[in-house]
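Read-outs: derived from the displayed coordinates by stated rules, not from any lab. Keep in mind that what you see is a predicted model, and the values were worked out from it rather than measured. In this analysis, Cβ positions are derived from the backbone assuming ideal geometry, glycine residues included, and neighbour counts consider all displayed protein chains.
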Amino acid sequence: MTDPRGAGGIRVDRGSAAGWVALGLLLIHLMLAAGPGAPAGGPPAKPAPPAGARDETGEAGRPGDASPSGQPPRAGPGPRPGPATADEPPPGRVPLDPAVARRFVREPTITVFDHAIAAPRTMAMEEYLAHVVAGEVLPSWQPDALRAQAVAVRTYTVSLLLAGERATPRRLYGTDTSTDPAEAQAYSPTVPRAVAEAVAATRGQILVYRGKPIVALFHACAAGRTASLRESFPRDPRRAPYLRPVPSPCDQAAPARIRRWAVALTAEELAAAAGLSPAEVREVRVAARGPSGRAVAIQIGPRRVHAAELRRQVGPNRLRSTLLTAIQPLEGGVWIFRGRGWGHGVGLDQWGAEAMARRGISYRDILAHYYPGTRLVRLYP
């Protein structure tokens, strides 16, 4: 949005030479800022990879893989810091890609494949977002934690719409999205009042980086520090410098069963993940860790397996994260994996956002912390 007072709000006295000099300098400044004919918002984006397309971990590209309560993600409507962000761009600059701005001049109406009735439905985008946020959070959370989640969900949904024919729901059902979290995002048939208010308070707002909607990943609990994109999604081709490790206080708010956990894995399970016979599984240990401290390579007998791939193989709600604290052998070919947190650890930490909101931190600053270098903008009124 441009400054309503004009170019920087400077008033030039036309009766003085100094005024004409000031006017000339101002025009030069504006020409340099605009660049040689570059459109506001920078050059067009390269096509994003398919939203909803399965990555190497098999998590189907959805933002998170466990609800904040620690329950497995619900399939459809069944039971179930960086620089501070700003709502408005600096005067004279529009940090949103022009093609995106044109696409979302007003709130779109979208199509949703509802697995509860096995048929598509049509609804306003903000209505859909309220159902998604309701499926991802606890309504008892602080308003700013709910608002941060609403912005992340809206940003992810915009990316899904921009993916078009490459998005999984579009390929499977011919719709913009679906109620299956494995294909898009979680979805609750009911929307608590607190969630509806959070969505309304952030209406139209998304996060952008260099004018493009960001890869708005989120998860339940990072247990001290979030992960980089490559730690949890090593073959994801997207460049997302804002998805980097940052401190996260989810331990201050999350239940004990989410903060720390243990799971027993058999030699048969580990062998299947490594492509070995159970007899070859004589050693299991963390072979390498990433910047956040998460395991990135697990030595299973004579082979190394990426920790995210092992998690996918045994189930993301059994091996709840790759932030492993110990691997202990037991008799009978069983290993106890101990770890912290729940989810892939990338982007917004849902319980961490709740902990920050309890300390009075605004949703804008929560988002700036978990997605450093991004900007909060409004797509439509």
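A few comments on the model shown:
- Our note on the geometry: Cα centres of the stretch 119-169 and the stretch 281-340, 32 Å apart.
- Net +/- balance of residues flanking ARG170 in space, Cβ distance below 14 Å, scoring K and R +1, D and E -1: -2
- Counting every other Cβ atom within 10 Å of each residue's Cβ, ILE327, ILE206 order from fewest to most as ILE327, ILE206.
- Counting neighbouring beta carbons within 10 Å and listing from fewest to most, the residues ARG166, ARG259 come out as ARG166, ARG259.
- Label-point gap, in nm, between ALA99 and ARG359 - each point 7 angstrom along Cα→Cβ: 4.0 nm
- As a proxy for reagent exposure, THR175, THR168, THR322, THR122 were ordered by neighbouring Cβ count within 10 angstrom, fewest first; the result is THR122, THR175, THR168, THR322.
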